[in-house]
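Scroll down for the structure; my scribbles are underneath it.
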Amino acid sequence: AAASDVLTSVVGLGGLAALLAAGARGVTLTVPLVVANLLYVGLNWPAGTRHAAAQGPPRREVTTFIALTTVGTLASTGFLQLSQVVVRTTGDAHEAGGYAAALTLATPASLLVTALSLVLLPTLAEALGRGDRPAFLSQTDAAMRGIATVMVGALGTLAVLARVLVAVVWGRDYTEVADLLPVLSLAILVTTLGVASVSALNIESQRGVV
């Protein structure tokens, strides 16, 4: 999964850079993203592997888990994207551009937590599956402390150096963006600090998903 993530990211970003360099604009710029996502699906599709379909209560439990997880993902990631639409609807194009620029600088730090959660979930599930609750709690605690240390450091640095980063990345025309970065950094920090405990709740019980 990690290798396919890196590969598809390189394909997507590389393709986008190539199109921009070639002068492409508009909808054409979405092609690398579509190709990268299709490539990711192809690389991770369980081809040639057959599994017996779950029936009865297990099937309902799996279906419910997938549905709730999908709703949760849409509510979190979708809300972030929807916030840009709200800014554009309630403000002008200049304000929307400034918000998008600030969001672009603030959100990459959260990818660290996303990567950690991909590693954490199977580890916690294994510990709970073999009945080793002390290891389950220990891993959750260690992950929580690690996330807090990394994210406070990363987002704190981002907030402190906001003006410098904005000047380097976006230039002097976006100086007002620096005022948004500390606020967005705090919001992302609050959101990501609960990833470890939420992952533990999701694994331990279906009630945790709800």
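Considering only residues that are open to solvent by less than 70 Å² (accessible area, probe 1.4 Å) and in contact (Cβ under 8 Å) with a residue 12 or more places away in the chain, which ones fall in the range 188-201? Even if it seems obvious, please write down each step before you answer.
Going residue by residue through the range 188-201, those that are open to solvent by less than 70 Å² (accessible area, probe 1.4 Å) are 188-189, 192-197, 199-200.
Listed by number, the residues that qualify are 188, 189, 192, 193, 195, 196, 197, 199, 200.
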Item to check | Whichever residue in the range 59-75 is open to solvent by less than 70 Å² (accessible area, probe 1.4 Å) and in contact (Cβ under 8 Å) with a residue 24 or more places away in the chain and, among such residues, is farthest from the chain's Cα centre (by Cα) | outcome: 64
Item to check | Only one of 13, 29 that is open to solvent by 90 Å² or more (accessible area, probe 1.4 Å) and at pLDDT below 85 | outcome: 13
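Quick one: would you say residue 165 is touching a residue at least 60 places away in the same chain (Cβ under 8 Å), out of contact with any Pro (no Cβ under 6 Å at 6 or more places or on another chain), within 17 Å of residue 110 (Cα to Cα) and open to solvent by 50 Å² or more (accessible area, probe 1.4 Å)? Don't jump to the end; show me each part of the working.
Working: touching a residue at least 60 places away in the same chain (Cβ under 8 Å): yes; out of contact with any Pro (no Cβ under 6 Å at 6 or more places or on another chain): yes; within 17 Å of residue 110 (Cα to Cα): no; open to solvent by 50 Å² or more (accessible area, probe 1.4 Å): yes.
No: the conditions fail for residue 165.
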Next on the checklist: Among the residues of the range 168-182, what is the count of those that are open to solvent by less than 50 Å² (accessible area, probe 1.4 Å) and either farther than 17 Å from residue 84 by Cβ or not hydrophobic (A, V, I, L, M, F, W, C) (or both)?
Outcome noted: 2
Next on the checklist: Tally up the residues in the range 142-195 that are within 23 Å of residue 124 (Cβ to Cβ) and over 16 Å from the mean Cα position of the chain (by Cα), please.
Outcome noted: 8
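With farther than 30 Å from residue 203 by Cβ and either modelled with pLDDT of 85 or more or not hydroxyl-bearing (Ser, Thr, Tyr) (or both) as the only criterion, which of 152, 164, 119 stands out? Give the steps one after another, and end with the answer.
Numbers: 152 fails: farther than 30 Å from residue 203 by Cβ; 119 fails: farther than 30 Å from residue 203 by Cβ.
164 is the lone residue from the list that is farther than 30 Å from residue 203 by Cβ and either modelled with pLDDT of 85 or more or not hydroxyl-bearing (Ser, Thr, Tyr) (or both).
Please enumerate the residues belonging to the range 133-158 that are basic (Lys, Arg) and farther than 20 Å from residue 188 by Cα.
Within the range 133-158, the subset basic (Lys, Arg) is 133, 145.
Once the filter is applied, which keeps residues that are basic (Lys, Arg) and farther than 20 Å from residue 188 by Cα, the range 133-158 yields only 133.
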Item to check | Yes/no for residue 96 being without any contact (Cβ under 8 Å) to a residue 40 or more places away in the chain, in a helix (DSSP H, G or I) and more than 26 Å from residue 200 (Cα to Cα) | outcome: yes
Item to check | Which numbered condition residue 83 misses (of (1) among the polar types (S, T, N, Q); (2) farther than 16 Å from residue 195 by Cα; (3) loosely packed, with under 12 Cβ neighbours inside 10 Å) | outcome: (3)
Checklist entry - In the range 111-140, which residues are within 16 Å of the chain's Cα centre (by Cα) and open to solvent by 30 Å² or more (accessible area, probe 1.4 Å)? => result 111, 112, 114, 115, 116, 118, 119, 121
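The values are calculated or read from the model by the stated rules, or taken from the named source; none is laboratory data. Predicted, not measured: the structure shown is a model, and the values here were computed from it. Glycine gets a Cβ as well: all are built from the backbone with ideal geometry, and neighbour counts include every protein chain shown. Areas reflect the complete protein model, heavy atoms only, side chains present, ligands, DNA and RNA absent. Shrake-Rupley method; radii C 1.70, N 1.55, O 1.52, S 1.80 Å.
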